[in-house]
Every structure is written in C-alpha cells, then in structure tokens.
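> Pasting a structure here, questions to come.
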Amino acid sequence: MGSGTMSHINGISVAGWEAFRDEVRKDASLADRRPTVLARWVGGSRSRVEFEEKTLHIGGDGEFNAMQALLGALAACDVDLITLHAALLGLEVKDLRVEATGHFNVRAYLGLEAPGSGYTGISYKIILNAPGADDEQIRSLRERVERSSPVGDSLARSIPLTIEFSTD
C-alpha cells in the first residue's frame with residue numbers, strides 16, 4: 001500500500017504532511033519552531049505549565065514530576081514520530097508503546113554535594129505492531145527515531161542553557 005492510497009492513516013493526513021514536507025524542501029525556514037512555555041507555581045511542588053491556550057500540570061500529588069515528564073516527553077515524541085512516518089510509508093499502526101527509563105540522584109536537588117542532579121543515562125524500548133511492515137520499512141522507522149526525534153536529539157547532545165533570575 002503506497003502512502004497516496006489513503007488520505008488518513010493513523011489519524012494523520014498523509015497528503016497534508018507530504019505537502020508540508022514538499023514546502024519545507026523549498027524553504028527550510030518553514031520548519032523553524034521557537035515555543036515559549038510559562039510554568040507558574042500552584043503550590044507545594046505543583047506547577048501549571050502554559051503554552052498558548054493549553055495547560056499541563058507537573059508535580060504535586062498524583063501528577064508526573066518534572067523528571068517523569070521528561071521521560072514522557074521523549075516517549076511521546078517518538079510515538080508521534082513513528083506514527084507519522086509509518087503513515088507516510090502507508091503503514092497502519094495497530095499498537096505502539098514506548099517504554100523509557102532512566103537513573104538520576106536527588107542529592108544535588110536537596111542542596112547536598114553531588115556531581116549533578118540530572119539523568120545519568122536514559123534507555124527506551126519501542127514495541128510496534130504494524131501488520132504488513134517489511135524489514136526495510138521497520139529499518140526506516142528505526143532510523144527516523146535515531147536521527148529525527150526532536151526530544152531524543154535534544155537529550156543526546158549538550159544544549160546551552162541561559163538563565164536570567166529576577167525578583168518582583
């Protein structure tokens with residue numbers, strides 16, 4: 001099944017994404033993104049993260065903490081990436097799970113001497129059920145994850161952080 005034989009695969013408009021990809025080939029700046037999120041303290045360890053008209057709560061009882069959300073962002077990014085590229089290959093995804101795990105130590109977070117407080121390593125496993133996918137298509141999807149995951153790429157390299165601290 002070619003990608004042009006169905007208009008929507010995996011809930012994705014294949015023609016729309018192919019058209020967008022063609023436009024980006026002509027003008028790479030169309031792919032530029034610069035989101036800004038705002039996190040507001042709600043109370044305790046809970047934050048409300050805002051982006052445009054959307055909100056997400058992180059921290060507090062019963063919610064993902066920031067480090068769990070980071071793993072979740074990686075897993076969700078790759079779910080999005082795989083379902084998109086599977087659709088572009090004409091593959092219907094029946095089931096897809098990404099399990100991410102990592103180790104970190106909270107000593108520095110607690111103000112104690114420690115070399116750092118971030119993840120020391122992250123690993124993840126992708127379980128894909130896409131009936132009819134051949135070895136070449138699976139290889140292509142794996143390559144997309146390894147080379148094209150925005151969150152995975154961000155985590156795999158050092159990104160300069162600039163912090164401005166002010167008081168009201």
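Where a number appears in this text, it was derived from the coordinates with a stated rule and is not lab data. The model shown is predicted, which means the values in this text are computed figures rather than measured ones. Neighbour counts are summed over all protein chains in view; Cβ atoms, including those assigned to glycine, are modelled from backbone coordinates with ideal geometry.
> Quote the convex hull volume per residue of the chain, based on C-alpha atoms, as a whole number of Å³.
Here the figure is 175 Å³ per residue.
> Next question, about the same structure. Quickly estimate the mean residue ellipticity at 222 nm for the chain, helices only: each DSSP H run with n ≥ 4 gives -39500 (n - 2.57), and the total goes over all residues, rounded to 500.
-11000 deg cm²/dmol
> Taking each full run of DSSP H in the chain as one helix, which ones are at least 30 Å long along their axis (Cα atoms) and have mean Kyte-Doolittle hydropathy of at least 0.5?
Counting only whole DSSP H runs, the qualifying helices are 66-88.
> Rounded if a/c is under 1.5, else prolate if a/b beats b/c, else oblate: with a ≥ b ≥ c from the C-alpha gyration tensor eigenvalues square-rooted, which is segment 1-70?
Prolate.
> Given a Förster radius of 41 Å and the C-beta distance between R142 and E50 as r, what FRET efficiency does 1/(1 + (r/R0)^6) yield to the nearest 0.05?
0.75
> Taking 7 Å along the Cα-to-C-beta vector as the label spot, tell me the D134-W41 distance in nanometres, rounded to one decimal.
5.9
> What is the sum of charges around V42, taking Lys and Arg as +1, Asp and Glu as -1, for the other residues whose C-beta is under 14 Å from the C-beta of V42?
Local charge sum for V42: 0.
> Give me the mean projected area, in nm² to one decimal, of the convex hull enclosing the Cα positions of segment 65-156.
Answer in nm², one decimal: 6.3.
> Another question about this same structure. Would you give the gap between the C-alpha center of segment 117-168 and the C-alpha center of segment 22-89, rounded to a whole Å?
12
> Quick check: residue separation of F104 and I127 times 0.36 nm, minus the Cα distance between them. What number comes out in nm?
Gain in length upon complete extension: 5.8 nm.
> Show me 28-39, 113-124 ranked by packing, highest mean number of other Cβ atoms within 10 Å first.
So the order, starting with the most tightly packed, is 113-124, 28-39.
> Another question about this same structure. What distance in nm separates the two pseudo spin-label positions at I163 and A28, each 7 Å out from Cα along the beta-carbon direction?
Distance between label points: 3.3 nm.
> Now for a separate question. Once the dipole of segment 65-156 is set up with Lys and Arg at +1 and Asp and Glu at -1 on Cβ about the Cα centre, which of L71, S148, S117 lies farthest towards its positive end?
Looking along the dipole axis, the top candidate is S117.
> Simple spin-label model, 7 Å along Cα-to-Cβ: S7 to K94 in nm?
In this crude spin-label approximation the distance works out to 2.7 nm.
> Another question, then. Roughly how many debye, to the nearest 20, is the charge dipole of segment 65-156 about its Cα centre, given +1 on each Lys and Arg Cβ, -1 on each Asp and Glu Cβ, and no other charges?
Result for segment 65-156 is approximately 240 debye, rounded to the nearest 20.
> If you don't mind, there's one more thing I want to ask. What's the magnitude of the charge dipole for the chain around its Cα centre, counting Lys and Arg as +1 and Asp and Glu as -1 at the beta-carbon? Answer in Debye, nearest 20.
It works out to roughly 220 debye.
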